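S.K.: Please see the structure below; I have some questions.
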Amino acid sequence: MSMTYYINVYGCQMNVHDSEIISGILESESFSSTEDPESADVILLVSCAVREHAETRVLGRVSQLGGWWRGRKSGKPLMVLCGCVAQEHGDSLLERFRDLDLVVGPDCYRDLPRLIRGSARMSAVDFREGDYTGIEPVRTEFPRAYVTIMRGCDNFCSYCIVPYVRGREHSRKSDAILSEIAALSEGGYGEITLLGQNVNSYHDGETSFPLLLRRVASEARSSWIRFVTSHPKDLGQETVKVMASEQNICRYLHLPFQSGSDVILKKMNRGYTTREYLERIGMLRDAMPDIVLSTDVIAGFPGESEEDFQKTIDLLEEVRFDNAFLFKYSERSGTAACSLEDPVSEEERLARLNRLQDLQRRITVEKSGELLRRTLRILVTGPAKKPRQQAGRTEGNRMVILEDTDFNPGSFVNVRITRADGWTHFGEPCGSPER
């Protein structure tokens, strides 16, 4: 029986790629996608549980969709909650939301066709050893593609729910990864991002992350290679050497530091000190002076004094990241941080977050301003939001908007930067596209 499905994604790049895997599983079983939720037989929500706000958003969407169809004459579509929130709460979600039919965790997506065609309201949230090798994802973001190299996490940072909802760390076999990379490069994908909760700790028993990275770069010479996310404690000299020596590995790294206070880093169970973090920044900039750096920071972690917070401000000023993702601390039930004493008030968390945002906004504007009148290579990704505009990304992952151009997505174009608006830039082509 043919059925149509609509999928809505919340959260990180891992969830985006998981949605592509889900689509691949469904379409291999004769399901077809639709962009109209009202015409769908099945609605799937892929959820994120890393922060309370993300969880609240997706559960609010469950309530909204339930109310939308309740009482209509036409049949209600089957509603499926997938991902981390599903894994976190399991059966209890079926009790809370009467319009929710299935709750499916990240390791159980292969069961979706059977569960959807079944008649029972149920949850499937057990952890499993396998991965999704062999599934052909339905890719949605050409010319950019994601490849999962590992799933799960063994770090157990005290604030983080990921190990509890994604399971323990396990790496895919390098041969399967390289085969997928080769097919994407041959298919014209201009950018390939390697995904994992902590890519630096990748190891399939024979192949370490630096060796995998070098092999990936060799396999996809015509594509830019990125990877995310990197944990500072596991970022080593070999990885930096590979980045510096392989021309198609982007000179860009997202390296979360979370706090500039060693006291808070220890409470977070991060496994490094600020001195060690700054040594890694120095190592990166020594090898690649033009590297673009971004980071994550948490404001208002339990026990964070004004002195601790000032050290975070100081580190942000010292490193001068090109971009930063800034958050106020969010309690996640079941994590070790929930039992810590001396919580920071919600009001103070927000005030500290605002201070971080003001500082980083100034730094980002200053760093972006340094690019004016410079010529950069960009990958054209497709239409921008406004008519007659196209969007692209630099090697450093900066957004660039082009006016009145008609390049094919996947083209590499030389662009002269004419204006910058924070992390978004505007440019004019100067030279023929390379693809």
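S.K.: Check region 316-331 and report whether any residue there is surrounded by fewer than 17 Cβ atoms within 10 Å (Cβ to Cβ), of a type in the set (A, V, I, L, M, F, W, C) and within 18 Å of GLN360 (Cα to Cα).
M.R.: yes
S.K.: Can you give me the number of residues within region 2-56 that are within 23 Å of PHE97 (Cβ to Cβ), surrounded by fewer than 16 Cβ atoms within 10 Å (Cβ to Cβ) and under 23 Å from the mean Cα position of the chain (by Cα)?
M.R.: 4
S.K.: Okay, next question. Just for strands (runs of 3 or more DSSP E) wholly inside region 168-274: which have at least 3 residues that are buried (at least 21 other Cβ atoms within 10 Å of the Cβ)?
M.R.: Output list reads 191-195, 224-228.
S.K.: With respect to PHE156, is the statement that it is hydrophobic (A, V, I, L, M, F, W, C), touching a residue at least 12 places away in the same chain (Cβ under 8 Å), surrounded by fewer than 21 Cβ atoms within 10 Å (Cβ to Cβ) and within 17 Å of ALA49 (Cβ to Cβ) true?
M.R.: Spelling it out, PHE156 is indeed hydrophobic (A, V, I, L, M, F, W, C), touching a residue at least 12 places away in the same chain (Cβ under 8 Å), surrounded by fewer than 21 Cβ atoms within 10 Å (Cβ to Cβ) and within 17 Å of ALA49 (Cβ to Cβ).
S.K.: Within region 349-435, which strands (runs of 3 or more DSSP E) (wholly inside it) include 3 or more residues that are over 21 Å from the mean Cα position of the chain (by Cα)?
M.R.: The strands (runs of 3 or more DSSP E) meeting that bar are 375-383, 399-403, 412-421, 424-429.
S.K.: Checking the conditions here, which among ARG393, ARG349, ARG398, ARG355 is in contact with a helix residue (DSSP H, G or I) (Cβ under 9 Å, 6 or more places away or on another chain) and buried (at least 18 other Cβ atoms within 10 Å of the Cβ)?
M.R.: Of ARG393, ARG349, ARG398, ARG355, the one residue that is in contact with a helix residue (DSSP H, G or I) (Cβ under 9 Å, 6 or more places away or on another chain) and buried (at least 18 other Cβ atoms within 10 Å of the Cβ) is ARG398.
S.K.: Could you please find all residues in region 403-435 being more than 27 Å from VAL365 (Cβ to Cβ), modelled with pLDDT of 95 or more and in contact with a Phe, Trp or Tyr (Cβ under 8 Å, 6 or more places away or on another chain)?
M.R.: Within region 403-435, PRO409, GLY410 meet the criteria.
S.K.: State whether one or more residues within region 310-333 are over 23 Å from VAL240 (Cβ atoms), of a type in the set (S, T, N, Q) and at pLDDT 95 or above.
M.R.: Scanning region 310-333, I find at least one residue that is over 23 Å from VAL240 (Cβ atoms), of a type in the set (S, T, N, Q) and at pLDDT 95 or above, so the answer is yes.
S.K.: Between THR274, THR239, THR229, THR207, which is touching a residue at least 12 places away in the same chain (Cβ under 8 Å) and in contact with a His (Cβ under 9 Å, 6 or more places away or on another chain)?
M.R.: Of the residues listed, the single one that is touching a residue at least 12 places away in the same chain (Cβ under 8 Å) and in contact with a His (Cβ under 9 Å, 6 or more places away or on another chain) is THR229.
S.K.: Here's something else I'd like to know. Please determine, by comparing only the residues of region 334-346 that are small (Gly, Ala, Ser) and modelled with pLDDT of 95 or more, which one is surrounded by the most Cβ atoms within 10 Å (Cβ to Cβ).
M.R.: Once the filter is applied, the top-ranked residue is ALA337.
S.K.: Still on this model: For region 67-106, give me each residue that is small (Gly, Ala, Ser) and either within 25 Å of the chain's Cα centre (by Cα) or closer than 30 Å to HIS170 by Cα (or both).
M.R.: GLY83, ALA86, GLY90, SER92, GLY105
The values are calculated or read from the model by the stated rules, or taken from the named source; none is laboratory data. This is a predicted model, so every value here is computed, not measured. Note: ideal-geometry Cβ built from the backbone for every residue, glycine included; neighbour counts use all protein chains shown.
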